[in-house]
Amino acid sequence: MGFESRADTTHQDRPRTPGPPDAAPETVGEAAVLVGGPADGTRIRVTDRPAVVQVTYPCELDGPSDGARAEALYVYRRDLQVERAPLRYGVDPASP
(Lines give C-alpha, C1' and ligand atoms only; values in the text may rest on other atoms or scores of the structure.)
Protein backbone atom coordinates (compact mmCIF):
# COMPACT_ATOMS: atom_id res chain seq x y z
CA MET A 1 0.00 0.00 0.00
CA GLY A 2 2.81 2.60 -0.34
CA PHE A 3 2.67 4.27 3.07
CA GLU A 4 5.13 4.75 5.87
CA SER A 5 4.38 4.86 9.61
CA ARG A 6 6.46 6.82 12.08
CA ALA A 7 5.85 7.04 15.79
CA ASP A 8 6.39 10.14 17.89
CA THR A 9 8.11 8.95 21.06
CA THR A 10 8.01 12.12 23.15
CA HIS A 11 4.79 11.33 25.02
CA GLN A 12 4.92 11.20 28.83
CA ASP A 13 2.63 8.14 29.16
CA ARG A 14 5.40 5.58 28.65
CA PRO A 15 5.60 2.28 30.47
CA ARG A 16 8.72 2.26 32.63
CA THR A 17 11.14 -0.66 32.64
CA PRO A 18 12.37 -1.50 36.15
CA GLY A 19 16.09 -1.97 36.58
CA PRO A 20 19.25 -0.26 37.66
CA PRO A 21 19.56 3.39 36.55
CA ASP A 22 22.66 2.65 34.46
CA ALA A 23 21.02 -0.24 32.58
CA ALA A 24 20.18 0.28 28.92
CA PRO A 25 16.41 0.69 28.39
CA GLU A 26 14.72 -2.39 26.99
CA THR A 27 12.81 -1.84 23.76
CA VAL A 28 9.49 -3.66 23.89
CA GLY A 29 6.94 -3.18 21.15
CA GLU A 30 3.18 -3.40 21.49
CA ALA A 31 0.66 -4.24 18.82
CA ALA A 32 -1.49 -1.34 17.64
CA VAL A 33 -4.14 -0.85 14.97
CA LEU A 34 -4.92 2.28 12.95
CA VAL A 35 -8.61 3.18 12.74
CA GLY A 36 -10.15 5.35 10.03
CA GLY A 37 -8.47 7.32 7.28
CA PRO A 38 -6.41 5.86 4.46
CA ALA A 39 -4.55 3.34 6.64
CA ASP A 40 -7.70 1.94 8.32
CA GLY A 41 -7.10 -1.53 9.72
CA THR A 42 -3.31 -1.38 9.37
CA ARG A 43 -1.53 -3.16 12.21
CA ILE A 44 1.78 -1.76 13.48
CA ARG A 45 4.15 -2.19 16.44
CA VAL A 46 4.92 0.81 18.63
CA THR A 47 7.33 1.34 21.50
CA ASP A 48 6.76 3.61 24.49
CA ARG A 49 3.06 4.14 23.62
CA PRO A 50 3.50 7.28 21.50
CA ALA A 51 0.64 9.77 21.55
CA VAL A 52 0.78 10.30 17.78
CA VAL A 53 1.60 8.16 14.75
CA GLN A 54 2.18 9.76 11.35
CA VAL A 55 1.32 7.98 8.11
CA THR A 56 2.56 9.39 4.80
CA TYR A 57 1.68 8.62 1.21
CA PRO A 58 3.90 9.74 -1.66
CA CYS A 59 2.39 12.25 -4.09
CA GLU A 60 3.21 12.35 -7.79
CA LEU A 61 4.96 15.46 -9.05
CA ASP A 62 3.95 16.90 -12.43
CA GLY A 63 7.27 18.43 -13.35
CA PRO A 64 10.96 18.47 -12.58
CA SER A 65 11.55 18.34 -8.84
CA ASP A 66 15.32 18.76 -8.48
CA GLY A 67 15.23 16.00 -5.87
CA ALA A 68 12.22 17.35 -3.97
CA ARG A 69 9.34 15.06 -3.09
CA ALA A 70 5.83 15.61 -1.77
CA GLU A 71 3.92 13.43 0.67
CA ALA A 72 0.39 13.51 2.07
CA LEU A 73 0.54 13.40 5.89
CA TYR A 74 -2.11 11.77 8.08
CA VAL A 75 -2.01 11.94 11.87
CA TYR A 76 -3.35 9.17 14.10
CA ARG A 77 -3.82 9.81 17.84
CA ARG A 78 -3.80 7.12 20.52
CA ASP A 79 -7.12 6.23 22.13
CA LEU A 80 -6.29 6.73 25.82
CA GLN A 81 -9.19 4.50 26.92
CA VAL A 82 -7.50 1.43 25.44
CA GLU A 83 -4.95 0.12 27.96
CA ARG A 84 -4.03 -3.28 26.50
CA ALA A 85 -2.77 -4.46 23.14
CA PRO A 86 -3.78 -3.95 20.51
CA LEU A 87 -3.62 -0.23 21.19
CA ARG A 88 -5.86 1.91 18.97
CA TYR A 89 -4.91 5.00 17.02
CA GLY A 90 -7.75 6.95 15.41
CA VAL A 91 -7.28 9.29 12.48
CA ASP A 92 -7.21 12.95 13.50
CA PRO A 93 -9.99 14.76 11.59
CA ALA A 94 -7.66 17.75 11.15
CA SER A 95 -5.49 15.60 8.86
CA PRO A 96 -5.89 16.27 5.14
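The values are calculated or read from the model by the stated rules, or taken from the named source; none is laboratory data. Please read all numbers here as calculations on a predicted model, not as lab measurements. All accessible areas refer to the heavy atoms of the entire protein, side chains included, with ligands and DNA or RNA removed. Shrake-Rupley method; radii C 1.70, N 1.55, O 1.52, S 1.80 Å.
Points to keep in mind about this one:
- Surface analysis of segment 26-78 yields an accessible area of 59 Å² per residue, using protein heavy atoms and a 1.4 Å probe.
- 3J(HN,Hα) along segment 76-87, derived from phi through the Karplus expression 6.51 cos²θ - 1.76 cosθ + 1.60 where θ = phi - 60°, amounts to 10, 10, 5, 7, 5, 7, 8, 9, 10, 5, x, 5 Hz, with x in place of Gly and Pro.
- Here segment 44-96 exposes an accessible surface that is 49 percent carbon and sulfur, computed with a 1.4 Å probe and the other protein chains kept in place.
- Descending semi-axes in Å of segment 42-96, equivalent ellipsoid built from Cα gyration tensor: 30, 11, 8
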